[in-house]
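To keep things clear, I will list the structure first and then write my remarks on it.
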Amino acid sequence: MAWHIMALQQLINGLALGSVYALIALGYTMVYGIIKLINFAHGDIYMLGAYFGFYAITVLKLSLVPAVLTSMAGAALVGVLLERIAYRPLRNSPRIAVLITAIGASLLLQSTAQLVFGASFKPFPQAIPFRRIQLGPVFITNRQLLIFGVAVLLMVILHIIVHYTKLGKAMRAVSMDKEAALLMGINVDRIISATFAMGSALAAAAGILVGMYYNRIDPYMGMMPGLKAFVAAVLGGIGIVPGAVVGGLLMGVAENVVVTIGSSTLRDAVAFAILIVVLLFRPNGLLGKKGIEKV
Amino acid sequence: MNKLSSLIKGIILLLAYLVVQLLERQGVLLPYHVQILSLCCINVILVVSLNLINGFTGQFSIGHAGFLAIGAYASAYLTVVWQAPFLFAIICGGVLAGIAGLAVGLPALRLRGDYLAIATLGFGEIIRVIILNTDAVGGARGFSGIPKYTTFGLAYLMAIFTVVVIRNFVTSDYGRACLAVREDEIAAESLGVNSTYFKVLAFTIGAFFAGTAGALFSHYLQYMAPTPNQIGFVKSIDILIMLVLGGLGSITGSIVAAITLTIIPELLRGFAEYRMIIYPILLIIVMIYRPAGLLAGNELSLSGITQFVKGARAHGNHT
Amino acid sequence: MATTPELMVNNLCVQFGGLKAVDQVCFSLKPQTLAGLIGPNGAGKTTVFNALTGLCPVTSGQISFNEKQLTNEAPHNIARYGIARTFQNIRLFRNLTVLDNLRIAYHQNRQYSLLCSVFRSARFKREEAQITAKAKEALALVDLADKADHIAGSLPYGEQRRVEIARALMLNPKLLLLDEPAAGMNPHETQCLLELIRKLRDDLQITVLLIEHDMKLVMNLCEELFVLDYGHLIATGDPKSIQNNERVVEAYLGGCMA
Ligand SMILES: Nc1ncnc2c1ncn2[C@@H]1O[C@H](COP(=O)(O)OP(=O)(O)OP(=O)(O)O)[C@@H](O)[C@H]1O
Ligand SMILES: [Mg+2]
């Protein structure tokens, strides 16, 4: 295959993977924007979302769309509970304590999932038959199209919520200044819960999409994509919603390129290499503005 | 007084070693038990060295297994391929890990808190991926055929050495400078403390000791696999859990936690399965109710213990 | 010799984005003066201190101290040249003991090496004893000798301010910058502070520049005043002339301070 065709094909594959990262990254960025917390457990919520989808399809015999919605609702609930139980008591604690708690929460979700769902992987039911659509010299699969479609749809919905609803306005207010928002009569706790719910729901959708894409889910599937999506959020500028999308897509493409020209064992190193470079040279991300620490 | 208590501590440590030797001779302790004790010592080194970086200098690092990995593989390469003496291999492993620590410490200057944490985690994973892709150390197959050089005696000695060095470090002007950086970097700088230098120093020393622990580890297991469990983030988080439960900034806390959390899973057979559920719950509860760790940053000391015992006795006499 | 200025600030500008927090400020200090930097809230006083101690980047202008250029030096180097400071919002190492707070500040004068500390050499022990003695001395100077083993964050506000001064003194400074040392103190404490600062200047022969809103303290203590308003230096002179300066009165009234 000529190199440019291969590159085009990798671009398509990369964008599909990238839109999944983007969906997960949105959750990181929203939560970070609002309470300055790296929700380490976010990747595990994505994993739970995949499992919820799995059981909704196999046990509840739901078709794809209701299954996705059920899973999103389930994950939203877990996200809200997580914040309520683990993070809220620590809202005024040192950052390190909160970070350790988040790591603990991540481990807890992972090992609970392993105990409840079993440690081995499960084949994800194929809710739609696999098809390959030829576009000239390259192809795109219907699953990739589905990933794109769902990701774009959810992002548009999120955009509308954040920019055109009262809830969105309140979220933006809380992220700018929690005390001031409180004084303006905004129920900060409820807004934080809503943020966790929305971020978790997006992650759950991503979990199902990936389950369908790779045909398999396991209790540890959240770890790497979670970290990568976090890198994507940092790359785009953490706390900035469009940044998460840009970062996610870039990450997906970069990973596919490296795997094509290098080796698949390098896959996971790409993300971290990008992270370290970004943090060193553009710590506020591609779309971020510079901030000055006040003495 | 000070000399006396050092002497007493030395005698206790020596006695502990002799007791283990005796019990092993008598067959009370099986080789398997002594193995666990060696692992305890290795973990003590890992946790105490991480404490220097995280607890005393406040640079939140969760990539400690990366330094362990460097020490483990480098030393194994030296003893297997070059037939180098073990002690030399340990030192080389430590020095290489220390150099890596220097390299991580440099970005640490620019990053704070959670960003630094993620960067160190990323750094650890990059090291793992590099090892995974290095055929000279077995690549993805793992590194096997490492001689069993790690004895309990050696691990015990190294652990004591590490603890003494790090304790002396943190209770000197160097350690106070690290504490100052942890507490308030701006104030520290305004008092003439070069915060950059001390962050890098803490990373380098911490990494050095983690590297020596790695050397002991690979010559204890005799086989290294480039998996997250052995040299990746899972291992890093294992070390972190011990550190946090023992208390950031408490050396004795680190020692107690490292030993307890190494022995418990081995003793309670059924525990292993629930370990990864219990630890995270403990972690969260400790952070919510006792964020300074179970010992709350305090050190256990001989005089403290005798005072406690005396106090308890006095209390008992009263009632 | 004694008349040549110790600290010279020339056309100092500090800009935060579009905001000129300090604009074209020039002043100089002679050795062993007691000087005050005053002005309404947000005038840029703390920012001048931050620029002097390297804690915020200088946009343009020069700072020299005993003929040494300090502009945009690293803060820890500036401390080495003999400038020590306290902070408006007290920056003690809250979780450490008072004694350790002070001992940390002896850092740059410490001679023993890393190996000495790790192996507890005789030199280490000797020097540590000296450092502790020196810290206790400095504590006695601010009348807190009995608080050496207290956790710094647990002390009352006024005592914390004094610990911070003692800590700054551990640097053996030639110039001491005090950012609102009397804030949160009652009149009695303020009076003691005044005497303390005067004593420090006389006994240690240091220069003191202080920021203060308490006009009584400023007028009683300072020999020379600099008045900042919106980043500009609007007046310089002895307390008498400043009190009668129209621009100063206007700045304060305009800032609703009177
Ligand atoms: N790091 C910073 N980033 C952005 N703006 C800053 C920073 N530091 C100070 N400022 C701004 O510069 C101006 C001067 O602040 P500064 O703290 O120097 O005032 P001040 O005279 O000390 O006031 P106060 O008496 O209230 O302490 C203020 O408008 C402040 O908001
Ligand atoms: Mg101020």
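To keep it simple, each residue is scored yes or no on (1) at pLDDT below 90; (2) within 14 Å of chain A (Cβ to nearest Cβ); (3) over 13 Å from the mean Cα position of the chain (by Cα); (4) within 16 Å of ligand 2 (Cβ to nearest atom).
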{"site": "C:Cys26", "(1), (2), (3), (4)": "no, no, yes, no"}
{"site": "C:Lys45", "(1), (2), (3), (4)": "no, yes, no, yes"}
{"site": "C:Pro57", "(1), (2), (3), (4)": "no, yes, yes, no"}
{"site": "C:Ser60", "(1), (2), (3), (4)": "no, no, yes, no"}
{"site": "C:Ile63", "(1), (2), (3), (4)": "no, no, yes, no"}
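I need the full set of residues from segment A:95-150 which are touching a residue at least 24 places away in the same chain (Cβ under 8 Å), closer than 20 Å to A:Arg216 by Cα, more than 14 Å from chain B (Cβ to nearest Cβ) and open to solvent by 20 Å² or more (accessible area, probe 1.4 Å), in order please.
A:Ser120, A:Phe121, A:Lys122, A:Pro123, A:Pro125, A:Gln126, A:Ala127, A:Ile128, A:Arg143, A:Leu146, A:Phe148, A:Val150
Could you give me the residue pairs with C-beta distances under 6 Å whose first residue belongs to segment C:185-212 and is under 19 Å from C:Ala84 (Cβ atoms), whose second residue is open to solvent by 10 Å² or more (accessible area, probe 1.4 Å) and among the β-branched types (Val, Ile, Thr) wherever it lies, and which are 6+ apart or on separate chains?
What qualifies is C:Thr207/C:Thr33.
Output the number of residues of segment A:32-41 satisfying the condition of being touching a Gly at 6+ places or on another chain (Cβ under 6 Å) and more than 13 Å from A:Val162 (Cα to Cα).
The total comes to 1.
If B:Pro85 satisfies all but one of (1) closer than 22 Å to B:Ile166 by Cα; (2) out of contact with any helix residue (DSSP H, G or I) (no Cβ under 7 Å at 6 or more places or on another chain), what's the number of the condition it fails?
That leaves (1) as the condition not met.
When you scan segment A:90-145, how many residues do you find that are closer than 30 Å to B:Phe56 by Cα and not in a helix (DSSP H, G or I)?
Total meeting the criteria: 4.
Please specify each residue of segment B:159-205 satisfying the condition of being free of Cβ contacts under 8 Å to residues at least 12 places away in the same chain and among the charged types (D, E, K, R).
B:Asp173, B:Arg176, B:Asp184, B:Glu185, B:Glu189
Which residues, counting only those in segment A:202-256, are of a type outside the set (A, V, I, L, M), surrounded by 24 or more Cβ atoms within 10 Å (Cβ to Cβ), more than 28 Å from A:Gly168 (Cβ to Cβ) and more than 14 Å from every other protein chain (Cβ to nearest Cβ)?
A:Gly211
Among the residues of segment B:191-199, is any closer than 30 Å to B:Leu282 by Cβ, open to solvent by 10 Å² or more (accessible area, probe 1.4 Å) and not basic (Lys, Arg)?
Pass one, segment B:191-199, residues closer than 30 Å to B:Leu282 by Cβ: B:199.
Subset that is open to solvent by 10 Å² or more (accessible area, probe 1.4 Å): none.
Scanning segment B:191-199, I find no residue that is closer than 30 Å to B:Leu282 by Cβ, open to solvent by 10 Å² or more (accessible area, probe 1.4 Å) and not basic (Lys, Arg), so the answer is no.
Take C:Lys136 and tell me if it is in a helix (DSSP H, G or I), open to solvent by 50 Å² or more (accessible area, probe 1.4 Å) and in contact (Cβ under 8 Å) with a residue 24 or more places away in the chain.
In short, yes.
Can you go through B:Ser61, B:Ser5 and tell me which one is of a type in the set (Ser, Thr, Tyr), surrounded by fewer than 14 Cβ atoms within 10 Å (Cβ to Cβ) and either in contact (Cβ under 8 Å) with a residue 40 or more places away in the chain or part of a helix (DSSP H, G or I) (or both)?
That would be B:Ser5, the only listed residue that is of a type in the set (Ser, Thr, Tyr), surrounded by fewer than 14 Cβ atoms within 10 Å (Cβ to Cβ) and either in contact (Cβ under 8 Å) with a residue 40 or more places away in the chain or part of a helix (DSSP H, G or I) (or both).
(1) modelled with pLDDT under 90; (2) within 16 Å of ligand 2 (Cβ to nearest atom): which one isn't true of C:Val22, the others all being true?
Only one criterion in (1) modelled with pLDDT under 90; (2) within 16 Å of ligand 2 (Cβ to nearest atom) is unmet by C:Val22, namely (1).
Do you know which of the residues in segment B:14-43 that are open to solvent by 70 Å² or more (accessible area, probe 1.4 Å) and of a type in the set (A, V, I, L, M) is nearest to B:Ser218 (Cα to Cα)?
By that ranking, first place goes to B:Leu30.
Of the conditions (1) open to solvent by 20 Å² or more (accessible area, probe 1.4 Å); (2) not in a helix (DSSP H, G or I), A:Leu15 fails just one. Which one is it?
Unmet condition: (2).
Quick one: count up the residues across segment B:262-286 that are more than 8 Å from every other protein chain (Cβ to nearest Cβ), more than 23 Å from B:His33 (Cβ to Cβ) and open to solvent by less than 30 Å² (accessible area, probe 1.4 Å).
Number of matching residues: 1.
Of everything in segment A:36-50 that's open to solvent by 10 Å² or more (accessible area, probe 1.4 Å) and farther than 11 Å from A:Ala102 by Cβ, which residue is modelled with the highest pLDDT?
Per the stated criteria, the residue is A:Leu48.
If we scan segment C:73-90, do we find a residue that is more than 17 Å from C:Leu178 (Cβ to Cβ) and more than 10 Å from chain B (Cβ to nearest Cβ)?
yes
Going through segment C:111-167 one residue at a time, which ones are among the charged types (D, E, K, R) and more than 11 Å from chain B (Cβ to nearest Cβ)?
C:Arg123, C:Arg126, C:Lys134, C:Lys136, C:Glu137, C:Asp143, C:Asp146, C:Lys147, C:Asp149, C:Glu159, C:Arg161, C:Arg162
Is it the case that some residue within segment C:225-242 is of a type in the set (Lys, Arg) and either under 25 Å from C:Thr47 (Cβ atoms) or within 16 Å of ligand 1 (Cβ to nearest atom) (or both)?
So far as segment C:225-242 goes, no, none of its residues is of a type in the set (Lys, Arg) and either under 25 Å from C:Thr47 (Cβ atoms) or within 16 Å of ligand 1 (Cβ to nearest atom) (or both).
Can you find even one residue in segment B:41-64 that is modelled with pLDDT of 90 or more, away from chain A (no Cβ under 14 Å) and touching a His at 6+ places or on another chain (Cβ under 7 Å)?
yes
Among the candidates C:Gln160, C:Gln205, single out the residue that is more than 16 Å from ligand 2 (Cβ to nearest atom) and assigned by TED's automatic domain parsing to the domain that holds C:His107.
Exactly one residue qualifies, and that residue is C:Gln160.
The values are calculated or read from the model by the stated rules, or taken from the named source; none is laboratory data. Just so you know, these numbers come straight off a predicted model, no measurement behind them. Neighbour counts are summed over all protein chains in view; Cβ atoms, including those assigned to glycine, are modelled from backbone coordinates with ideal geometry. Note: areas computed on protein heavy atoms with side chains; ligands, DNA, RNA excluded. Shrake-Rupley method; radii C 1.70, N 1.55, O 1.52, S 1.80 Å.
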